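**Student:** One structure, pasted below without further comment.
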Amino acid sequence: MADGERRSVRRFSRLLSPAGLVLAGLLFLAPFLTVSCDAPGGYGRAAPGGTTTYTGWDLATGGTPDVTADKLLPPEQRRSDVLAPQPLAGTVLVLLVIGVLVTIGVGRARTRRGVVAALAAIAALFLLVNQATVRVLVEERLREQLTGPLPDGKQIGDFVHDQGGFGFALLALVLVGLGNLAGWVRLLRAPGGVTAESSAPGDPAPTAPLPEA
């Protein structure tokens with residue numbers, strides 16, 4: 001492979017990390033959790049048969065979830081469906097911003113890959129814990145709002161569902177983390193811990209050590 005092609009590949013691979021982190025952040029605008037309101041009495045502002053949808057942004061900021069438009073309860077019958085801002089969801093967004101800044105601003109590849117791998121791993125862990133925490137909060141609230149017994153064979157958890165926004169955001173973080181971890185290990189094992197990839201585009205190439213006398 002020619003030097004120009006190698007340089008292009010390195011630049012392209014360097015763009016994958018910020019792109020993956022930005023994608024994970026954008027997925028916070030997608031549904032993370034839904035409550036199917038077939039439970040007796042519905043849930044929150046939704047009548048039985050409706051669906052309440054929490055995006056990742058709703059969870060991070062305490063926003064109002066969406067409800068199926070034609071299944072809204074009359075105002076006097078509506079109950080709370082807004083959750084308090086979830087600290088872990090907010091922390092994940094902060095980690096994504098830091099990760100993007102690191103991928104753009106840190107020129108040394110070994111440092112950059114190691115830091116981004118760690119940030120992606122922590123963000124993925126926090127995202128998992130946040131989702132589990134939110135499920136518990138929603139299930140408890142749904143249980144409190146029941147107006148009758150559950151249908152035969154049903155449990156509270158059967159009405160609460162993880163959604164694609166959460167799954168794809170987690171997948172993006174895992175891929176970014178594993179990709180950077182693999183690159184960090186490769187650079188760590190390189191002779192002297194330095195390869196052509198360990199410098200940012202435009203930096204002077206590393207020089208070979210002088211032979212001993």
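The values are calculated or read from the model by the stated rules, or taken from the named source; none is laboratory data. For clarity, every value in this text was computed on a predicted model and none was experimentally measured. Reconstructed Cβ throughout: ideal geometry from the backbone, glycine too, with neighbour counts over all protein chains shown. These accessible areas exclude ligands, DNA and RNA; they are computed on the full protein's heavy atoms, side chains included. Shrake-Rupley method; radii C 1.70, N 1.55, O 1.52, S 1.80 Å.
**Student:** Quick check on residue 109: is it in contact with an Asp or Glu (Cβ under 7 Å, 6 or more places away or on another chain), of a type in the set (A, V, I, L, M, F, W, C) and either crowded, with 18+ Cβ neighbours inside 10 Å or under 21 Å from residue 59 (Cβ atoms) (or both)?
**Tutor:** yes
**Student:** For segment 154-178, which residues satisfy the criterion of being out of contact with any Phe, Trp or Tyr (no Cβ under 7 Å at 6 or more places or on another chain) and open to solvent by 40 Å² or more (accessible area, probe 1.4 Å)?
**Tutor:** Of everything in segment 154-178, those that are out of contact with any Phe, Trp or Tyr (no Cβ under 7 Å at 6 or more places or on another chain) and open to solvent by 40 Å² or more (accessible area, probe 1.4 Å) turn out to be 154, 155, 158, 161, 162, 168, 171, 174, 175, 178.
**Student:** Being in contact (Cβ under 8 Å) with a residue 24 or more places away in the chain and not basic (Lys, Arg) is the filter here; which residues of segment 107-117 pass it?
**Tutor:** Correct list: 107, 109, 114, 116, 117.
**Student:** Scan segment 13-42 for residues that are farther than 30 Å from residue 151 by Cβ, small (Gly, Ala, Ser) and open to solvent by less than 30 Å² (accessible area, probe 1.4 Å) and jot them down.
**Tutor:** The answer is 17, 20, 24, 25.
**Student:** Can you tell me which residue is most open to solvent (accessible area, probe 1.4 Å) among those in segment 83-99 that are without any contact (Cβ under 8 Å) to a residue 24 or more places away in the chain and more than 15 Å from residue 21 (Cβ to Cβ)?
**Tutor:** 87
**Student:** Still on this structure: Output the number of residues of segment 119-134 satisfying the condition of being crowded, with 16+ Cβ neighbours inside 10 Å and either of a type in the set (Phe, Trp, Tyr) or under 12 Å from residue 166 (Cβ atoms) (or both).
**Tutor:** The number of residues fulfilling the criteria is 6.
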